[in-house]
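Trainee: My questions all concern the structure below.
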Amino acid sequence: GINAEYGGDEAVVIEPHFDCYAGDMDMCGGKLIRVPLRPTGDGTVAKNWTLDRKEFEEAFNDRTKLLITTTPHNPVGKMFTEEELEFIGGVCAKHNVIIVTDEVYERVVFQGSKHVRIAALPGMWERTITVGSIGKSFSVTGWKVGWAIGPAPLITQLQHVTSCTTFTAPTLLQEASAGAFEREARVKGTPDSYFDWLSGKLEDNCRKLADAFTHIGCVPVWPDGGYFMLVDTAPMGWDFTDENTGRCYDVDCVKWLTREFKLATIPISVFYGDRNRHLAAKYIRVCCAKSDATIEKACQIIRSLKKA
């Protein structure tokens with residue numbers, strides 16, 4: 001899709017986005033065009049963070065070769081609806097653009113939500129690479145085993161890249177990954193299903209953290225699924241301007257929370273380019289994929305912040 005040899009090739013990415021995408025594009029010599037999700041209506045639920053469709057369409061031109069998207073979305077937690085994906089796919093088809101869709105959190109779907117694959121929509125398979133992860137699916141993130149699914153012409157090119165970038169394969173972990181899927185296929189729909197348990201457990205963890213943040217006056221953004229939840233800290237009135245760090249508010253905020261309270265969170269500004277960073281100026285990201293003890297301790301710390 002993107003090659004510096006041609007000069008000026010572009011990739012559209014939906015913002016906020018995993019920060020590695022920007023570095024990947026720099027390495028390829030391409031240009032990243034960011035189109036942000038914005039809260040519409042009730043911004044306290046992730047499903048209401050939506051694209052400005054006119055802005056999205058205008059981001060595409062004759063130089064656009066690639067769209068990078070993710071669902072469930074990291075860090076917002078939004079799961080794109082079938083109607084939203086049909087619109088996105090239609091724009092990509094119009095401009096003959098390849099889609100790379102990061103769906104590593106596909107197994108973590110909260111009640112009332114549904115994971116839809118853009119590759120499964122009419123006319124999308126031939127232009128889509130879908131990325132998955134054993135680490136996110138079975139909570140073994142240290143294994144770093146994943147996969148890419150797509151039509152032969154695209155996967156063949158991906159194989160060429162992989163052969164030049166991967167030194168060795170973790171064969172034992174790949175065998176264990178296959179075994180995990182085989183077991184899950186046997187117990188699907190039963191109380192022994194790991195995927196069902198995982199979604200319920202992380203939704204419960206998310207609810208506990210949301211309740212704790214709501215208790216002190218912060219505003220959580222309830223996710224449709226995934227590992228993470230955004231929290232708006234603006235109502236707290238925290239002010240770090242006297243520190244004169246020159247950093248974004250959210251960076252100072254998470255450093256303060258870590259330093260003073262041992263509460264580790266992630267600043268959202270790192271998921272944005274300069275132009276749209278203001279859209280989530282006072283949001284932080286919290287992770288729900290933690291042990292019971294860690295969630296309990298985190299909730300205790302969060303509730304104590306009301307006095308801070």
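The values are calculated or read from the model by the stated rules, or taken from the named source; none is laboratory data. The structure presented is a predicted model; accordingly, all values stated were derived computationally and were not measured. Here the Cβ is made from the backbone with ideal geometry for all residues, glycine too, and neighbour counts use every protein chain on show. Just the protein is used for accessible areas: all its heavy atoms, side chains included, with ligands, DNA and RNA removed. Shrake-Rupley method; radii C 1.70, N 1.55, O 1.52, S 1.80 Å.
Trainee: Of the DSSP beta bridges with both residues in the chain, give the percent that are antiparallel, rounding to the nearest 5.
Mentor: Beta bridges within the chain, antiparallel portion: roughly 45 percent.
Trainee: Counting pairs of alpha carbon atoms under 8 Å apart in space and at least six apart in sequence, what relative contact order in percent does the stretch 1-135 give?
Mentor: Here the relative contact order equals 21 percent.
Trainee: Skip the ligands, DNA and RNA, and give the accessible area per residue of the chain with a 1.4 Å probe, whole Å².
Mentor: 50 Å²
Trainee: A further question follows. Using alpha-carbon pairs under 8 Å, 6+ residues apart, how would you state the relative contact order of the stretch 123-271 in percent?
Mentor: Relative contact order here is 11 percent.
Trainee: Roughly what would the spin-label model give for residue 38 and residue 20, points 7 Å off Cα along C-beta, in nm?
Mentor: Taking the two extended label points, one gets 3.1 nm.
Trainee: Using every Cα-Cα pair within the stretch 80-218, state what percent have a distance larger than 19 Å.
Mentor: Result for the distance tail: 64 percent.
Trainee: What 222 nm value per residue comes from the helices of the chain, counting each DSSP H run with n ≥ 4 as -39,500 (n - 2.57) and dividing by all residues, nearest 500 deg cm²/dmol?
Mentor: Taking each H run of at least 4 residues, the total per residue is -11500 deg cm²/dmol.
Trainee: In the chain, which helices (entire DSSP H runs) extend 30 Å or more along their own long axis, judged by Cα positions, while averaging at least -1.0 on the Kyte-Doolittle scale?
Mentor: Both cut-offs are met by 194-216.
Trainee: What Kirkwood hydrodynamic radius do you get for the stretch 1-155 when you take the inverse of the mean 1/r over all pairs of distinct Cα atoms, in Å?
Mentor: It is 16.1 Å.
Trainee: Still on this structure: Rounded to the nearest 5, what is the percent of antiparallel bridges among the DSSP beta bridges in the stretch 1-122?
Mentor: Just about 15 percent of them are antiparallel.
Trainee: Please report the net charge: other residues with Cβ closer than 12 Å to the Cβ of residue 292, K and R +1, D and E -1.
Mentor: Computed value for this residue: +2.
Trainee: Further question on the same structure: Using a Förster radius of 41 Å, what is the FRET efficiency between residue 114 and residue 247 based on their Cβ-Cβ separation? Nearest 0.05, please.
Mentor: Between residue 114 and residue 247 the formula returns 0.60.
Trainee: Leaving out ligands, DNA and RNA, and with a 1.4 Å probe, what % of the accessible surface on the stretch 1-89 is carbon or sulfur?
Mentor: Here carbon and sulfur together make up 50 percent of the probe-accessible area.
Trainee: How many nm is it between the label spots at residue 121 and residue 180, if each spot is 7 Å from the Cα in line with the beta carbon?
Mentor: Going by the 7 Å Cα→Cβ label model, 2.9 nm.
Trainee: Follow-up question, since we're still on this one. Which Rg and Dmax, in Å, describe the Cα atoms of the chain?
Mentor: For the chain, the Cα-based Rg and Dmax read 20.1, 59 Å.
Trainee: Continuing with the same structure: Cα-Cα over 31 Å: which of 78/255; 47/290; 54/208; 94/114; 65/201?
Mentor: Among 78/255; 47/290; 54/208; 94/114; 65/201, the Cα-Cα distance tops 31 Å for 54/208; 65/201.
Trainee: Measure off 7 Å from each Cα along the Cα-to-Cβ vector at residue 297 and residue 256, then give the distance between these two points in nanometres to one decimal.
Mentor: So the label points at residue 297 and residue 256 sit 2.3 nm apart.
Trainee: May I pose another question? Computed over the Cα atoms, what is the radius of gyration of the stretch 183-226 divided by 2.2 N^0.38 Å, N being its residue count?
Mentor: 1.53
Trainee: With only alpha-carbon atoms in the gyration tensor, what are the semi-axes of the equivalent ellipsoid for the stretch 207-291, in Å, largest first?
Mentor: Semi-axis lengths for the stretch 207-291 are 21, 15, 12 Å.
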